[in-house]
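What follows is one structure encoded as C-alpha cells, with my remarks underneath.
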Amino acid sequence: MNGDRDKRNFRRDSRRRHHVNRDNTIVFPEKPELVCALCGEIIKEAASTLAMPDTGEPAHFDCVMKKLEESETLEEGDTIAYLGGGNFGIIRKNSQNPAGFEIKKKIDFENKDKIGDWRKKLSYKL
C-alpha cells in the first residue's frame, strides 16, 4: 500500500519544477537575478516586474509608472493607472459612468512577442 502512495506522490511531484535528490532533499531551479532596465538596480519583488516594450528586459513597476508620467501629457484630473495584462491607461474620474471613471487613453506597454525568458524562469510551481 505504501508503494502505491509513493508512486502517486512521485507522479504529483513530477509535474512540479523541482528535483528530489537521492537523500530526499528538494532542489529548486535557480531564479535569475533581475536588473531593472530603467534604473539599473536589482529587482527584489519579481511579481511586480514588467517587460520593456522594445527589448523585453525587466523593469520595476514604479520605474515604468514614473517613465509614463514623464512621457505622457496629463490634463488636470488625469492619472495613469495599471489596467492589467501589461497595459496602462490615462483615466479621469467620471461620476456619470457606472465605474466612476473613464479611460481616456489605453497604453499598451508590454510587447508579448518580446518578453524575455526571465519571466518563464520566475514562474515555476511549488
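No lab work stands behind these numbers, since they all come straight from the coordinates. On a predicted model such as this, the values are computed, not experimentally measured, just so you know. Every residue, glycine among them, receives a Cβ derived from its backbone with ideal geometry; neighbour counts consider all protein chains shown.
Close Lys pairs in the range 64-126 (alpha-carbon distance under 20 Å; sequence gap of 8 or more, or different chains): 14. Its Cα gyration tensor gives the range 66-118 an equivalent ellipsoid; the semi-axes, largest first and in whole Å, are 25, 14, 7. A simple count of charges around residue 109, restricted to other residues whose Cβ falls under 15 Å of its Cβ and scoring Lys, Arg +1 and Asp, Glu -1, yields -2. In order along the range 86-95, the Karplus-derived 3J(HN,Hα) couplings, from 6.51 cos²θ - 1.76 cosθ + 1.60 at θ = phi - 60°, round to x, 10, 10, x, 8, 10, 9, 5, 8, 6 Hz, and Gly and Pro are given as x. In this structure the amide hydrogen of residue 105, modeled in the peptide plane, comes within under 5 Å of the amide hydrogens of 90, none closer than 5 places in sequence on its chain.
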